[in-house]
1. Greater than 25 Å separation of Cα atoms is the criterion. Which listed pairs, LYS697/LYS875; LYS996/LYS1016; LYS851/LYS933; LYS735/LYS875; LYS40/LYS199; LYS849/LYS996, meet it?
2. Quote the charge dipole size of segment 669-745 about the Cα centre in Debye, to the nearest 20; the model charges only the Cβ of Lys and Arg (+1) and of Asp and Glu (-1).
3. Figure the gain on full extension for ASN467 and ALA551 (residue separation times 0.36 nm, minus the Cα-Cα span) and round it to one decimal in nm.
4. Along the charge dipole of segment 873-1020, Cβ charges K/R +1 and D/E -1, which of ALA968, CYS904, TRP889 sits furthest on the positive end?
5. Show me the GluC sites (Glu not before Pro) within segment 821-876 that DSSP assigns to loop and that have at most 14 other Cβ atoms within 10 Å of their Cβ.
6. Please state the charge dipole magnitude for segment 400-514, taken about the Cα centre, from unit charges on C-beta atoms (+1 on K and R, -1 on D and E), reported in debye and rounded to the nearest 20.
7. With the contact rule set at Cα under 8 Å and sequence spacing of 6 or more, what percent relative contact order holds for segment 433-606?
8. Using the Cβ atoms and a cut-off under 13 Å, what net charge is assigned to the surroundings of ILE492, where Lys and Arg are +1 and Asp and Glu are -1?
Amino acid sequence: MKDKDYFTVFTEQTTSTMDFAKQYMQNHNHDGQIIAVVAKSQTQARGRGGSSWQQINSSNIASDKLDGQIVFYDHLSDVVLEHNDFLPVTFVIPSERIKIPYEWITAIMGCALYDALKVTESFIKSTFPYLTYNIDKNIYIKWPNDIIFISEKLTDSKLITKYKKISGILCETSTSGSKIGDFYIGIGLNFFNHPQIEKSVSFWESLFFNEKNKSNKREINKTLATPEFRQAILNKFCETLQKEISDYICTSRGKSQLRALTLERSLPIGTLLSVDKGTRQGEFVGLDENAGLILSGTNKPIITGEVTLKESVAEKKNPNENKVSLIKNITPTVAIDFGNTTIHFAFQCSNLNKYQIDIPYDSILSSEKNKIREALKPCLDGFIVDRMQKIDILYTSVTTSEKTNLAISKIKEYLNSIFPEMTFQDTKIIEKEILSIVNLSNEYDVSRLGEDRALKLLFASKQAQKNNENIVVFSFGTAVTCEGVSPSLNIIENYIFPGIQMALNAINHYTALVPLFHANSNKVFPQDKDWNQEIYVQRGVFLSTASSVMATLNMHNPCRCYFTGGNAEIILSIINSINPKHNFKIEIIPSIETNMIIEYKSHFLKNKNTIKFEKIEVENKLNKIKKITNQNSIIPSFTNLHEEGKIGQVMQSMMKARDPKKIDRTLEPKQEDFRKIGSHLENIQSEERIDAYMASKFQFHNRDTWRERIQNGEVLIEHGAHRKIKDKVHLNKIKPTYKLKNYDQIWLYHPTEYEPDVIDKLDVIFDDGDLCIFAKPPNMVIHAAGIYGKNTFVNISAKMGYSDCAAVHRIDRETSGILACARKTETRSIISDAFRQGNIEKMYIAVAKGKNNLPNHFRVSLPIGEPENSLIRLKLWVNGNLPQQAETWFSKLGTFEDYTMYACLPQTGRTNQIRIHLAAIGQWIVGDKMYHKDEQVFIQFYEQGYTDWVHEQTLFPRHMLHNAGIMASNISLPSLALNPIVCELYSDMMESNIVKNLLKNSSIPLDVTEQREYFKNIFLNLHKLNFNEFPEIQQGDNP
């Protein structure tokens, strides 16, 4: 949706917004825009069929607009926020903008309103998670034009179901002769308040609807219904409503999709309805293709009528009798088997419809969104149905973890670009979990089997028991695999050999005269005149594969055989050609792996759900906000720590606040104090306001702060920044409402006083001309970012003569230790590929505070996502929204009181992974402000620097995490190949009494040379261990 899609017309009072909208359009043009016509009060508001709509008393809504005056606004939210409540509105939608069949407009407008309310509900709950919400809250579309709230009350003997109305929709149109004109869609919505009639309730009240505790409900309203919070909620609703209208009404969709969308949000099938005061009654069966209502007992759809919900009373002894279940039990599921060359993808909707596709990796990993769109297009109908749901993603993989994780993130990123409210829960399934379902008799090496083959063994086992016969499963992919199981659950076959294309690749590689051929089944049965070298090779590979299959089946006959994989059909046709009279029972099943994942989903998730979650206590945000604003008067003076000679370099670099808006400025900014932020913009598909873009892209400020800085001239635009030849850079002042254009370059005011100090010394540990490894000091960023512009590793290393060095991995600002850089493009490519393939290993040293009762070796594999309840925008946490798989291995090096020094081996590369995993199991890293249990520690540090209070809470000016070693395997750089390059602890950690005592209680030497040798030996020894044999620690296991 673009901003210019809408504008708003407001008047103080009118008969009805519907009448006023039609009157307004007689004298004005909409120029293709959607117009929101709003009034503070209506004297003759009406609903469907001429019925009246009773509006709440608006006399308490303040307004300085005169009666009859028309006022124009850019956004619906502007006028709504001015009046601090949602007002009656009629949307004027040009007929040329409408892309759906007209008979579906009322129903689909209901979907847009429903979704906007649900998004707003999620916003409220995520902002105030500590409140007690109505867990039985149920909002539905009631055909044809109402949004209703259903409440259920359980008495001693009866379950009483009642409904109340939240909103009504009225749709009318204008005509000119036989031509359909504009559509007028009126919405009457009880948002914060509602008329004092029995069947009415406000959306706000429905969130906390609880007849047993009215005093609590009044307290909630008193606390939260303040102007600032009301405005935040109204702004979210208005923005979402306009977006949903554009998406639903102005996007082309077929009738089957429209019906699925509407039914998903409508009353449950089976709900008893009454039409026109009982003239027709029946259970809700569904909708026809023209949006007509279908009730049980009649084949004729109802096109119009006044529909009421039959309220029910059920006996407590059987509360589900005569009552429709209002809770959906089926969570939609994505099942993925990541093969070597193909992604096997399946999606089962909440309505049990299933979609299955095979996707080449190039389509998902491509930067071109249209490739991902085309790849997932066959499943989109299903995703539309479940767009508001949490999606369980269960997957197996035989490719690298980096490739797998990148593919998953690309899939989720694309789906969220279409369905922003869709959330995901990732679960990786391993061989051990799969084979725990079946008790195979033989001994076998589970860890070497691979998840895909384990799933086929599971399938074969279940089929063998079901049919009481030998089952053999062949998969024809990159490799040909065979799994066979007897009815007594003995493994009768288990082997692997090169697949068709792999065999062709091998022949080309090892035979000088044979070129590379791509598998082509048409070459298997050539005409006589077509014989050539390619046919010899192709025919040999295909026939040898088919012969191996036939030999296996003859060995185990009688048996039943299942084929799967890309070459299954051609192999079966070859077998039929070789021996048309064979008695093999062969069946092709396209997706055995994903079918098994979906079928046994509950078993896999049950194992994962044994994680013990510690209770998260979230304080009242209102009190936290007050605490933040009052802290200036209670913060200690910092005198004791700031005396000359008592503060080290690291602490000096932490002193300045992280929030530059606190610095007063009296002079106009000078151009030399501006720096580029990001690269110039390209491929902008839709206009976006500069303040919204900055808040989304550069999250170290919120939108209000960015708006203030733009208004103060601290954000400028260079137009046409793509041009190579320039006499001079021209920077232009803008307003917060400026719409970004292609080739704009954003410049940010960033004088020296805005930037924290850093240690400007870098030690070089290793340099062979290709690879250069530095010992990065703490509190140094790599590239210019956020409030760091000049004091960066890139600038400091350039001054030292290392301007050709490019960092090849991430490292946190506060983390010290190894930073590997490539001095040549080829070297950077080699190391980057090694990281992607999981061939680079790093060892960190961390000092944590917590109970030291953990084993000497353990692992943590909690997924990392975006927390719902955090005050810190950039913080990540275990699980949360959009979680990604993460795993870290830990080994104890020493203990002192409740402090422990760990060697940490991250197996994935998630942001803040080690810090999060240790904090989640009760092992907070000393000095870590972001993952301290009290988020006010980070907030005060961000706004005021390293104060006395922050020091008391964190014990150390930066988190005690040090990158101590790096090495690689399967890499063409001898300097990294299984030869760790290590770095001793940084001086600030060595001078800490905590670390001194930990070193004293361990065998870690103090001498620099000896310490490096110690870390090298530790790294090599840990590299040899199989951490899968050590316990996995879950969240809450070590409270």
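1. LYS735/LYS875
2. It comes to approximately 160 debye.
3. Answer, rounded to one decimal: 28.0 nm.
4. Of ALA968, CYS904, TRP889, it is ALA968.
5. Passing both the DSSP loop test and the Cβ count: no residue.
6. My answer is approximately 120 debye.
7. 22 percent
8. After counting each charged neighbour, the total is -2.
None of the figures in this text is laboratory data; all of them are computed from the coordinates on show. Predicted, not measured: the structure shown is a model, and the values here were computed from it. FYI the Cβ positions are ideal-geometry reconstructions off the backbone, even for glycines, and counts take in every protein chain you see.
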